[in-house]
There are 2 protein chains.
Amino acid sequence: MATILEVAKKAGVSVATVSRVLNNRHQVREVTRSKVEQAIIALNYEPSVLGRNLRNSESRLLLVLIPSIANPFYTEIINGIEDTAIKEGYNIMLCETDSNPQREAIYFNLVRNRMADGIILMDPTINRNNVLQLADQHPIVQCSEFDKDGLISYVSINNELAAYQAVKHLIKIGRQRIALINSEEKFLYARERRAGYERAFREYGRSVNPSYMYNIKGLSFENGQQAMRMLLEQQEKPDAVFAVSDVFAIGALKEIHEAGLSVPDEIAIIGFDKISFSNMTYPTLTTIAQPMYRMGSISAEMIIAKIRGEKVESRLLEHELIIREST
Amino acid sequence: MATILEVAKKAGVSVATVSRVLNNRHQVREVTRSKVEQAIIALNYEPSVLGRNLRNSESRLLLVLIPSIANPFYTEIINGIEDTAIKEGYNIMLCETDSNPQREAIYFNLVRNRMADGIILMDPTINRNNVLQLADQHPIVQCSEFDKDGLISYVSINNELAAYQAVKHLIKIGRQRIALINSEEKFLYARERRAGYERAFREYGRSVNPSYMYNIKGLSFENGQQAMRMLLEQQEKPDAVFAVSDVFAIGALKEIHEAGLSVPDEIAIIGFDKISFSNMTYPTLTTIAQPMYRMGSISAEMIIAKIRGEKVESRLLEHELIIREST
DNA sequence: CTGAAAGCGCTAACAC
DNA sequence: GTGTTAGCGCTTTCAG
């Protein structure tokens, strides 16, 4: 494996000159440059990023932390991150926390020990103190879930408003008993979406029925299915469901099918996120579209700006109600 | 940001000693060790992996190349990779190629310039010559799709046999007109699965009907849906479909529903992979389960062994036919 | 058991 | 325009 020194010798120049052509500094004569380039080709030389990183004290790596890569909500965000990261000369290290604090600790150390230049954090279950402590020393941006105190920059959507619009849509199509399948309320998005649900009820002079509101642990299809099973066991079944994720909604839909009920005739259902599956269900799923790709690409821009020492502003992006067959 | 030198000074020892306690070398007196440890805590010191990497000429990073993170087939494999990588002190850089040769080139360079110690390659569309050239110089393992010439280590399953069993299952439940929704045959798995499909036909003395065999571009739900649409336009509709991925099968299922046909009564359908969503469709999907987690974890073990300079053997793992409601 | 010192491969002052 | 040289932060002989 050739080094810069060997290239320099072969080309009959100094390592500094080689470094200059490598980094496209324009203070190199054309003749010299081509001599160097030939030596590079002859030796099949590839500059070691290890030396460069140490010298520049940077890794050009972005750490992206998600709870689970299997959750399709994150995949499009990651696309957005990756595209802009590459454009800016960064690569991403995608890591799953499994919402496991130990893993989280390992990954946080990756930025402490300079393996990564910054973190885009998408795990909502994170320990708040640890994050704040890390944010004190290192660039960090939260995407989707965030800390309301505003100490850490974030990009997200207006969850309260989105939920409000979702439930209002169900009310407008004439539904009376609207259930809520929600996550645990330790998550900000869960609290805000419940608030939106309640606001819609208030606005139409209705009172919420706590037995129609489920907070479930976990984020999988099966969890949504379980919640729906409980809901269907009630004396008076709901005639509509607002699920705070498409994944939950799809699980719920499955359960409704198994119970032999029809969607949307007997039960209307609305999800959240607009993951690609949501268009493959039968019937297709009404949902709130989050601008996931943009959320990712803006997160990447923000974290890179922070790494460069620039000031950045948190952002709330637009969402959109997508009406399809399930309502 | 404290350096090893500052710690050494504070503890009144040399940097060598600090390095020794950092790396748990046992040739350090207990008193000295604790002096150093206190200094580390006092200074809130974190060793820089940049210096260490340069010195050791390794990055402890594994590059994982997949066509698309949105494809659920890969997500469980990645889980397997990540778990064993962490156990061995490696982290993974997950990168999407989008089956784009330019991106592929960027990522291949990551190992050439020592940003990553090795590659787990899962993109089937890769340029063969480039891979072979890279494999000549750097550790690389193929997962799932591989090169039959055996020049590069791989872990996969017996695709021909799996497809044969899938089709045999359809024959055994009495289906006469069994269609095949396949990928492009530039992929080895597509060729092998077709071979398995044909073997089952031969074994039962049937001849294949080319108009029931579709090779489609792309890997998305929509592609499966399109293929099914074509299939349903034939004078004599198929009464069963073998799709080479669950994603295709789910798209096909959607199209069958839209055509008002019932599954499995009018058309039986079998997928491939056993992604989690395959259990949430209506009806649930019969499929071939690939041992995705194990494929991932074995790939990781193999690449790490290679990095260490050990010899490794390619592996074909067991699959399993999972019969559910769609057949 | 500990320290001195060389050096991993690169970049960027600084000098000419 | 180009070369010399001093590190970036760490690990590891080699001495003692």
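Looking at region B:56-65, is at least one residue assigned to a helix (DSSP H, G or I), within 22 Å of A:ARG52 (Cβ to Cβ) and near DNA strand C (Cβ under 9 Å from one of its atoms)?
Yes; the residues of region B:56-65 include at least one that is assigned to a helix (DSSP H, G or I), within 22 Å of A:ARG52 (Cβ to Cβ) and near DNA strand C (Cβ under 9 Å from one of its atoms).
Please state which of the following conditions A:VAL7 fails to meet, knowing it meets all the rest: (1) assigned to a helix (DSSP H, G or I); (2) under 40 Å from the mean Cα position of the chain (by Cα).
(2)
Might you check whether a residue that is of a type outside the set (Ser, Thr, Tyr) and under 15 Å from B:ALA190 (Cβ atoms) occurs anywhere in region B:135-145?
Yes, some residue in region B:135-145 is of a type outside the set (Ser, Thr, Tyr) and under 15 Å from B:ALA190 (Cβ atoms).
Would you be able to tell me the number of residues in region A:164-187 that are farther than 21 Å from A:ILE256 by Cβ and in contact (Cβ under 8 Å) with a residue 40 or more places away in the chain?
The qualifying residues number 3.
For the subset of region B:38-66 comprising residues that are away from DNA strand D (no atom under 12 Å from the Cβ) and open to solvent by 80 Å² or more (accessible area, probe 1.4 Å), which member is farthest from the chain's Cα centre (by Cα)?
Checking each candidate, the answer is B:GLN38.
Conditions (1) in contact with a Pro (Cβ under 8 Å, 6 or more places away or on another chain); (2) over 18 Å from A:LYS254 (Cα atoms); (3) in the same structural domain as A:VAL312 (by TED's automatic domain parsing), marked per residue:
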residue: A:ALA166; (1), (2), (3): no, yes, no
residue: A:GLN176; (1), (2), (3): no, yes, no
residue: A:LEU180; (1), (2), (3): no, no, no
residue: A:LEU188; (1), (2), (3): yes, yes, no
residue: A:ARG194; (1), (2), (3): no, yes, no
residue: A:ARG199; (1), (2), (3): no, yes, no
residue: A:TYR204; (1), (2), (3): no, yes, no
residue: A:ASN215; (1), (2), (3): no, yes, no
residue: A:GLU222; (1), (2), (3): no, no, no
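Residue by residue through region B:1-18, note down the ones that are over 16 Å from A:SER57 (Cα atoms) and open to solvent by 20 Å² or more (accessible area, probe 1.4 Å).
Matches in region B:1-18: B:LEU5, B:GLU6, B:LYS9, B:LYS10, B:GLY12, B:VAL13, B:SER14, B:VAL15, B:ALA16, B:THR17.
Among (1) open to solvent by 30 Å² or more (accessible area, probe 1.4 Å); (2) in a helix (DSSP H, G or I); (3) touching an Asp or Glu at 6+ places or on another chain (Cβ under 9 Å), which single condition is A:GLN176 missing?
(2) is the only condition that A:GLN176 fails.
Give region B:1-37 a look and list any residue that's among the β-branched types (Val, Ile, Thr) and more than 10 Å from DNA strand D (Cβ to nearest atom), or say none.
B:VAL13, B:VAL28, B:VAL31, B:THR32, B:VAL36
Since B:TYR164 meets every condition but one in (1) touching a Leu at 6+ places or on another chain (Cβ under 8 Å); (2) away from chain A (no Cβ under 13 Å), which condition does it not meet?
Of the numbered conditions (1) touching a Leu at 6+ places or on another chain (Cβ under 8 Å); (2) away from chain A (no Cβ under 13 Å), the odd one out for B:TYR164 is (1).
Within the set of pairs 6+ apart or on separate chains, which have a first residue in region A:280-294 that is within 14 Å of another protein chain (Cβ to nearest Cβ), a second that is of a type in the set (Phe, Trp, Tyr) and not in a loop (DSSP other than H, G, I, E, B), and C-beta atoms under 9 Å apart?
A:MET280/B:PHE221; A:MET280/B:PHE277; A:LEU285/A:PHE277; A:MET292/A:PHE73; A:MET292/A:TYR74
Can you pull out the residues in region A:72-101 that are out of contact with any Ser or Thr (no Cβ under 8 Å at 6 or more places or on another chain), more than 10 Å from chain B (Cβ to nearest Cβ) and surrounded by fewer than 22 Cβ atoms within 10 Å (Cβ to Cβ)?
Correct list: A:LYS87, A:GLU88, A:GLY89, A:ASN100, A:PRO101.
May I ask you to list pairs of residues, at least six apart or on different chains, whose Cβ atoms are under 8 Å apart, with the first in region A:114-133 being of a type in the set (D, E, K, R) and the second being assigned to a helix (DSSP H, G or I)?
A:ARG114/B:VAL49; A:ARG114/B:LEU50; A:ASP117/A:VAL111; A:ASP117/A:ILE307; A:ASP123/A:GLU104
Test B:ILE106 against the criterion of being within 16 Å of DNA strand C (Cβ to nearest atom), hydrophobic (A, V, I, L, M, F, W, C) and not assigned by TED's automatic domain parsing to the domain that holds B:GLU185, and give yes or no.
no
Of all residues in region B:109-129 being surrounded by fewer than 18 Cβ atoms within 10 Å (Cβ to Cβ) and at pLDDT 90 or above, which is nearest to the other protein chains (Cβ to nearest Cβ)?
Of everything passing the filter in region B:109-129, B:ASN113 is nearest to the other protein chains (Cβ to nearest Cβ).
Kindly indicate whether any position in region B:138-159 is surrounded by fewer than 22 Cβ atoms within 10 Å (Cβ to Cβ), more than 18 Å from the chain's Cα centre (by Cα) and either assigned to a helix (DSSP H, G or I) or among the β-branched types (Val, Ile, Thr) (or both).
no
Which one of these does A:ARG33 not meet: (1) more than 11 Å from DNA strand C (Cβ to nearest atom); (2) under 27 Å from B:ASP117 (Cα atoms)?
Of (1) more than 11 Å from DNA strand C (Cβ to nearest atom); (2) under 27 Å from B:ASP117 (Cα atoms), only one is false for A:ARG33: (2).
From the list A:ILE41, A:ILE69, exactly one residue is touching an Asp or Glu at 6+ places or on another chain (Cβ under 6 Å) and either at pLDDT below 95 or assigned to a helix (DSSP H, G or I) (or both). Which is it?
On inspection, the qualifying residue turns out to be A:ILE69.
Taking the condition among the basic types (Lys, Arg) and away from chain A (no Cβ under 14 Å), does B:LYS254 pass?
no
Starting from residues that are among the polar types (S, T, N, Q) and more than 11 Å from chain B (Cβ to nearest Cβ), keep the ones in region A:1-30 and report whichever is nearest to DNA strand C (Cβ to nearest atom).
A:SER19
The values are calculated or read from the model by the stated rules, or taken from the named source; none is laboratory data. What you are looking at is a predicted structure, and each value in this text was computed from that prediction instead of being measured. No Cβ is skipped: glycine too gets one built from the backbone with ideal geometry, and neighbour counts run over all protein chains shown. Accessible surface is based on the protein model in full, side chains and every heavy atom, while ligands, DNA and RNA are left aside. Shrake-Rupley method; radii C 1.70, N 1.55, O 1.52, S 1.80 Å.
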